[in-house]
Amino acid sequence: MKLKVTALSLAVGLLWGGAMLVVAWANLVSPSYGRAFLEFCASVYPGYMPGTGVGSVITGTLYALVDGAIGGALLAWL
C-alpha cells in the first residue's frame, strides 16, 4: 500500500497548524497556558515570540503549517 504524498502533507500540515493556532490563541487569553510548548516552538521557528499579540499567533501558525506539510510529505515519501 502506498501513501499519497499530497494528501498526508496537507493533513499533517493542517493538524499541526491547527494545534499551534489553538494553543497560541489560548495563550493570549490565559498567558500561562501552553507556555513551555510555545517557548519550544519559539526556539525552532525564527521570528516567533509567544504571547506578543495576534501577529505572533499568525506567524506561529504559518510556520507550523509549512513545517507540518514538509514533515507529512517526508513521512509519506519514506
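The convex hull of the Cα atoms of the chain, projected and averaged over all directions, covers 5.1 nm². Largest accessible area first, the residues Ser43, Ser56 order themselves as Ser43, Ser56 under a 1.4 Å probe with ligands, DNA and RNA left out.
Over the chain, Cα pairs under 8 Å with separation of 6+ residues give a relative contact order of 51 percent. Summing +1 for each Lys or Arg and -1 for each Asp or Glu among the other residues whose beta-carbon sits under 14 angstrom from that of Gly51 gives 0.
A simple count of charges around Cys41, restricted to other residues whose Cβ falls under 13 Å of its Cβ and scoring Lys, Arg +1 and Asp, Glu -1, yields -1. The angle between the Cα long axis of helix 35-44 and the main principal axis of the chain comes to about 60°, on a 0 to 90 degree scale.
Using the 1.4 Å probe convention, the accessible area of the chain works out to 66 Å² per residue with neighbouring protein chains retained.
Surface composition of the chain: carbon and sulfur atoms hold 75% of the protein heavy-atom accessible area at a 1.4 Å probe.
The values are calculated or read from the model by the stated rules, or taken from the named source; none is laboratory data. Everything numeric in this text was worked out from a predicted model, so none of it was measured. Reconstructed Cβ throughout: ideal geometry from the backbone, glycine too, with neighbour counts over all protein chains shown. Please note that ligands, DNA and RNA were not included when accessible areas were found on the heavy atoms of the full protein model with its side chains. Shrake-Rupley method; radii C 1.70, N 1.55, O 1.52, S 1.80 Å.
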